[in-house]
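J.: Shown below is the structure under consideration.
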Amino acid sequence: MKAYILKRFISMIPVLLIVATIVFFLIHLIPGDPAAVILGPEATPEEVEKLREELGLNLPLYSQFFYWLIGIFQGDLGDSIYMNKPVLQAFVEHIGPTLSLALLAQAISIIIAIPIGVLAAKKQGTFVDHLFMLIAMFGMSLPSFLFGLLLMLVFGVHLQWLPAAGYQPLGAGIWEHLKYMILPAFALGMIQAAVIARMTRSSMLDILSMTYIKAAKAKGLKERVVIYKHAFRNAFIPILTILGETFGSLITGAVVTETVFNLPGIGQLVVNSIVRRDYAVIQGTILIMATTYLVLNLIIDLLYGVVDPRVRLNRK
């Protein structure tokens, strides 16, 4: 097991190097000069050039990239040229809202999607099955920002049940925190619920057609026992992969939703950094998110040993 984990971590290195290279050079293709953005339109060319030298922006791109890579291997992602703080510190300061949003959205998607997927599989070919899959298809096609705007308009503006936008930290109280997180979490979670529901249905149908399930039914076992104890337990294995991927995408892909609901998370940090041409923050944040996604996939692979009975049987 240790050798497998070490091998997976080593295999991440070339992937992250490719991500780092692509992100670095794409970011530097964005029009605009960070020094000019920091000093403002009234700065003279001499002042801009002096700041460029202080920030190392006058060096060739390959030199900047080399020094950035050296810093990464030393655990230093660089400093924000706009906020005057380390990139890692800026990331940590903004990760709270993003994690809270991702966890709540994932919980909402699981609570809604898995029962719907199981029920659709039980009612295969019926009106219920077609209705649920039609809703799931609609959910997969609907952009999260558009769904978020609809939720904001209905529940935040017209009904005024929940705040339309803004953020309160967890320290302000659980309910006060959740009031601001429910709408963006639903906007993000419902889209993921559509994907999970379709995978749950597909996986359940594969298991329900197997011989041992038919044998369990022939023995007179209750349908509830057959469905949830025998079928769903094995159908959950491929579902676990989707859960890992959706959670990774919730963390890394909440940029638009956070912007719509004005949440001070990683998405807002990235958007503001792009506007400010804060190269170090953009590069470091994207690299951290790519690493997070790879680590989450590794964790999902390791969890197969817990949920897959075939793995446990091979160990005996």
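J.: How far, in nm, would the chain grow between residue 74 and residue 126 when pulled straight, counting 0.36 nm per residue and subtracting the alpha carbon separation?
T.: Once the chain is fully extended between residue 74 and residue 126, it gains 12.8 nm.
J.: Which of 72, 162, 265 sits farthest toward the positive end of the charge dipole of the chain, with +1 on the Cβ of Lys and Arg and -1 on the Cβ of Asp and Glu?
T.: Positive-end residue among those listed: 162.
J.: With +1 on each Lys and Arg Cβ and -1 on each Asp and Glu Cβ, how big is the dipole of the chain about its Cα centre, in debye rounded to the nearest 20?
T.: Result for the chain is approximately 2640 debye, rounded to the nearest 20.
J.: Considering the options 94, 48, 17, tell which one lies farthest towards the positive end of the dipole of the stretch 1-105, charges being +1 on Lys and Arg and -1 on Asp and Glu at the Cβ, about the Cα centre.
T.: 17
J.: On average, how much accessible surface per residue is there in the stretch 1-122, in Å², for a 1.4 Å probe, leaving out ligands, DNA and RNA?
T.: 60 Å²
J.: Sticking with this structure for a sec: Enter the per residue convex hull volume of the stretch 231-304, computed from alpha-carbon coordinates, in Å³ rounded to the nearest integer.
T.: 83 Å³
J.: A further question on this structure: What percentage of the solvent-accessible surface of the chain, computed with a 1.4 Å probe over protein heavy atoms, is contributed by carbon and sulfur atoms?
T.: With neighbouring chains kept in place, the figure for the chain is 68 percent.
J.: Could you estimate the translational diffusion coefficient of the chain from the Stokes-Einstein equation, with Rh from the Kirkwood formula over C-alpha pairs, at 4 °C and 1.567 mPa s, in whole µm²/s?
T.: Result for D is 57 µm²/s.
J.: Additional query: Enumerate the calculated ³J(HN,Hα) couplings along the stretch 214-224 in order (Karplus 6.51 cos²θ - 1.76 cosθ + 1.60, θ = phi - 60°), each rounded to whole Hz, writing x wherever the residue is Gly or Pro.
T.: For the stretch 214-224, the Karplus curve yields 5, 5, 5, 5, 5, 6, x, 5, 5, 4, 4 Hz.
J.: Can you tell me which of 234, 262, 58 moves the most in a GNM of the chain? Springs connect C-alpha atoms under 10 Å apart.
T.: So, out of 234, 262, 58, the one fluctuating most is 58.
J.: Further, regarding this structure: Assigning unit charges at the beta carbon (Lys, Arg +1; Asp, Glu -1) and nothing else, what dipole magnitude in debye, to the nearest 20, does the stretch 186-286 show about its Cα centre?
T.: So the magnitude is around 680 debye.
J.: Give the average over all directions of the projected area of the C-alpha convex hull of the stretch 1-137, one decimal, in nm².
T.: Here the figure is 14.6 nm², rounded to one decimal.
J.: With runs of 4+ DSSP H residues as the only contributors, calculate the mean residue ellipticity of the chain at 222 nm using -39,500 (n - 2.57) per run, divided by the residue total and rounded to the nearest 500. Don't skip to the end; give the middle numbers.
T.: Values: 14 runs with 232 residues, N = 316.
The helix contribution divided over the chain gives -24500 deg cm²/dmol.
The values are calculated or read from the model by the stated rules, or taken from the named source; none is laboratory data. It should be emphasised that the depicted structure is a prediction, and the values quoted were computed from it without experimental measurement. Positions of Cβ are generated from backbone atoms using ideal geometry, with glycine treated the same way; all protein chains shown enter the neighbour counts. For the accessible areas, the whole protein counts, side chains as well, though only heavy atoms, and no ligand, DNA or RNA atoms are used. Shrake-Rupley method; radii C 1.70, N 1.55, O 1.52, S 1.80 Å.
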